[in-house]
Amino acid sequence: MDNFFENKFFKREELSCKGTGILQLSPGFLGELVWLRTVFDKPMVVTSCCRTPEHNKKIGGNPNSLHMTVNARHNTGGTMAIDILTKSDTYREELIRVAKELGWSIGYGNSFLHLDRRIQIGLPQTFFEY
């Protein structure tokens, strides 16, 4: 099932699974993502969003990843996570500030930030390192 709708910030291809092209977002996720991008007011380069369970396994992703289009552990209804390339410390710090204020959970990687909406499924906002 493809629940993508048009928006002015993100293209279908950048949100789709890199292995299969499938796009299945959790209800409300794209709206939250567009709101984050609107408040942040800077371009966001997506490195990963949707992953089918098979593609997630192939790339060594967490078996309970919120990136997955189908999640056996969490009833997400689709992907509710995205990874964004961080170009500079200033960019990174500003994105972290805005994402925290808007209720996103944040995973800190060396050159990217993992952002997810786990609060939508009753999990607490979390901050972690890879």
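The values are calculated or read from the model by the stated rules, or taken from the named source; none is laboratory data. Remember, predicted model here, so these are calculated numbers, not experimental data. A quick note on method: Cβ atoms are made from the backbone with ideal geometry, for glycine too, and the neighbour counts reach across all protein chains shown. When the accessible area is computed, the model is the full protein with side chains, heavy atoms only, and any ligands, DNA or RNA have been set aside. Shrake-Rupley method; radii C 1.70, N 1.55, O 1.52, S 1.80 Å.
Name the residue that is surrounded by the fewest Cβ atoms within 10 Å (Cβ to Cβ), counting only residues in the stretch 44-73 that are more than 15 Å from the chain's Cα centre (by Cα) and assigned to a loop (DSSP other than H, G, I, E, B). For the stretch 44-73, the residue satisfying everything is G60. For the stretch 5-20, a residue qualifies if it is more than 12 Å from the chain's Cα centre (by Cα) and either modelled with pLDDT under 90 or not aromatic (F, W, Y) (or both), and the qualifying residues are F5, E6, N7, K8, K11, R12, E13, K18, G19, T20. Residues in the stretch 15-38 that are open to solvent by 30 Å² or more (accessible area, probe 1.4 Å), assigned to a loop (DSSP other than H, G, I, E, B), farther than 14 Å from H55 by Cα and among the small types (G, A, S): G28 only. Here F128 clears all of (1) more than 21 Å from N7 (Cβ to Cβ); (2) of a type in the set (F, W, Y); (3) under 14 Å from the mean Cα position of the chain (by Cα) except the condition numbered (3).
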